[in-house]
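Asker: Below: one structure in structure tokens.
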Amino acid sequence: MLHLKACQSVARKVIRAGRGPNVICKVYCEGSTFTTTKMESQIIDAIFAADETTLEFLNLDTGEILGVFSFVLEFDSQHFEVIQDYTENDFCESIMDAVLA
């Protein structure tokens with residue numbers, strides 16, 4: 001991937017802005033699920049393991065899905081192009097504000 005470091009930086013910002021003590025990330029990648037609560041590097045590796053992945057933020061206390069981000073990776077993707085879609089709610093909007101800051 002041409003702009004890998006910059007694209008990984010965007011993913012890292014999304015993860016850091018969304019995670020909390022009771023929030024985990026799930027990455028859906030071509031039919032398989034990867035879940036972690038601590039290892040940011042493993043979440044990023046999972047996001048970049050396929051061309052299309054979905055990052056889901058889940059509240060451990062309630063089981064509620066707080067928000068979802070869709071990542072689409074192409075060889076020449078610019079860092080601002082990797083997030084193709086996300087849930088329109090306050091949780092995801094606050095994450096996007098942090099990413100774009």
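None of the figures in this text is laboratory data; all of them are computed from the coordinates on show. Keep in mind that what you see is a predicted model, and the values were worked out from it rather than measured. Backbone-built Cβ (ideal geometry, glycine too); neighbour counts: all protein chains shown.
Asker: Looking only at GluC sites (Glu not before Pro) in DSSP loops with at most 16 other Cβ atoms within 10 Å, what is the longest site-free stretch of the chain?
Answerer: Between the exposed loop sites, the longest stretch runs 31-63.
Asker: Calculated from the structure, Cα extents along the principal axes in Å equals which of (1) 46, 26, 21; (2) 41, 40, 20; (3) 39, 30, 21?
Answerer: Given (1) 46, 26, 21; (2) 41, 40, 20; (3) 39, 30, 21, the structure-derived one carries the label (3).
Asker: I need the shape label for the stretch 49-101. Rule: rounded when a/c is under 1.5, else prolate if a/b > b/c, else oblate, with a, b, c from the alpha carbon gyration tensor.
Answerer: It is oblate, given that a/c is not under 1.5 and a/b is not larger than b/c.
Asker: Continuing with this model, one more query. In nm, to one decimal, how far is the S70 label point from the M39 one, both placed 7 Å along Cα→Cβ?
Answerer: 2.8 nm
Asker: If I build a Gaussian network model for the chain, linking alpha-carbon pairs within less than 10 angstrom, which residue out of G18, G67, G31 has the largest mean-square fluctuation?
Answerer: With Cα springs under 10 Å in the chain, the top fluctuation among G18, G67, G31 is at G31.
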